[in-house]
Amino acid sequence: MDQSIVGQILEKQVLSVAKAVEDKLDEQIAALDRLDPDDIEALRERRILQMRRAAERRAKWRALGHGEYGEVPEKEFFAAAKASDRLVCHFYRDNWPCKVMDKHLSILAKQHVETRFVKVHAEKAPFLTEKLRIVVLPTLALVKNTKVEDYVVGFDELGGKDDFSSEDLEERLAKAQVIFLDGEGPAHASKQATKRSVRQSDTGNSSDSE
């Protein structure tokens, strides 16, 4: 196909999309113009109430340890799972793959305060690792409403290598509905669109059996 024809087709498509966006904005502006002062005040009060409830919800989450990524001993795991509706638990040992996972979870914990992020040293939690059948490290146990609903085992679902991005892991956790993809943390609004990588080594190991 001639390049000039392709260019014309693309230009028409762009103009069509721009027109649709402009029409949508015109509709929204017209709707606002039709509001009387009572309607505007009602919208304002509703928005204030929504913001207040969101702030109270975030404060409650933070009081439970949300927004931070830290270690919990084996005996505190079930209490943590019971206290939070959503929990991501990293079963780890002191090796490179687990340190890679730590880096990404530290980032996501700040962006997703709706979910609690913790880690458990597998070798110090024999009862828990046996009960949850943890074999490969790192393994993420994804807990919803006190039940382990899903697992992320090693890096197989993240490209099979340790150079995956925080967004790759974020999408996997969102698929399991253990986080909200649009986030709740203030840091999420300023998240850059570029992929993050914590690869600092030429080591190629993607997981470690326990």
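The values are calculated or read from the model by the stated rules, or taken from the named source; none is laboratory data. Bear in mind the structure is a predicted one, so any value in this text is a computation, not a measurement. Cβ sites come from the backbone with ideal geometry, for glycine too, and all protein chains shown count toward neighbours. The protein model used for the area step is the full one, side chains on, heavy atoms only, and it has no ligands, DNA or RNA in it. Shrake-Rupley method; radii C 1.70, N 1.55, O 1.52, S 1.80 Å.
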Within region 103-110, does at least one residue satisfy the condition of being over 22 Å from Glu167 (Cα atoms) and open to solvent by 30 Å² or more (accessible area, probe 1.4 Å)?
no
Those residues of region 83-102 which are open to solvent by less than 10 Å² (accessible area, probe 1.4 Å) and of a type in the set (Phe, Trp, Tyr), in sequence order
Phe91
For Ala174, are the conditions met, namely being of a type outside the set (Phe, Trp, Tyr), in contact with a Leu (Cβ under 8 Å, 6 or more places away or on another chain) and more than 19 Å from Pro97 (Cβ to Cβ)?
yes
Scanning region 59-82 for residues that are assigned to a helix (DSSP H, G or I) and surrounded by 15 or more Cβ atoms within 10 Å (Cβ to Cβ), which turns out nearest to the chain's Cα centre (by Cα)?
Trp61
Here is a check on your reading of the model: is Arg44 assigned to a helix (DSSP H, G or I) and under 30 Å from Val88 (Cα atoms)?
no
Farther than 30 Å from Ile134 by Cα and charged (D, E, K, R): is that true of Arg57 in this structure?
yes
Candidate set from region 119-150 (those that are open to solvent by less than 70 Å² (accessible area, probe 1.4 Å) and not hydrophobic (A, V, I, L, M, F, W, C)); member that is nearest to Glu68 (Cα to Cα)
Lys119
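Kindly indicate whether Asp156 is over 19 Å from Arg86 (Cα atoms), in contact with a Lys or Arg (Cβ under 6 Å, 6 or more places away or on another chain) and among the charged types (D, E, K, R). Spell out how you get there, then give the answer.
On the way: over 19 Å from Arg86 (Cα atoms): yes; in contact with a Lys or Arg (Cβ under 6 Å, 6 or more places away or on another chain): no; among the charged types (D, E, K, R): yes.
No.
Considering every residue within region 36-55, establish whether at least one is closer than 24 Å to Gly154 by Cα and among the β-branched types (Val, Ile, Thr).
Step one: list which residues in region 36-55 are closer than 24 Å to Gly154 by Cα, which gives none.
No.
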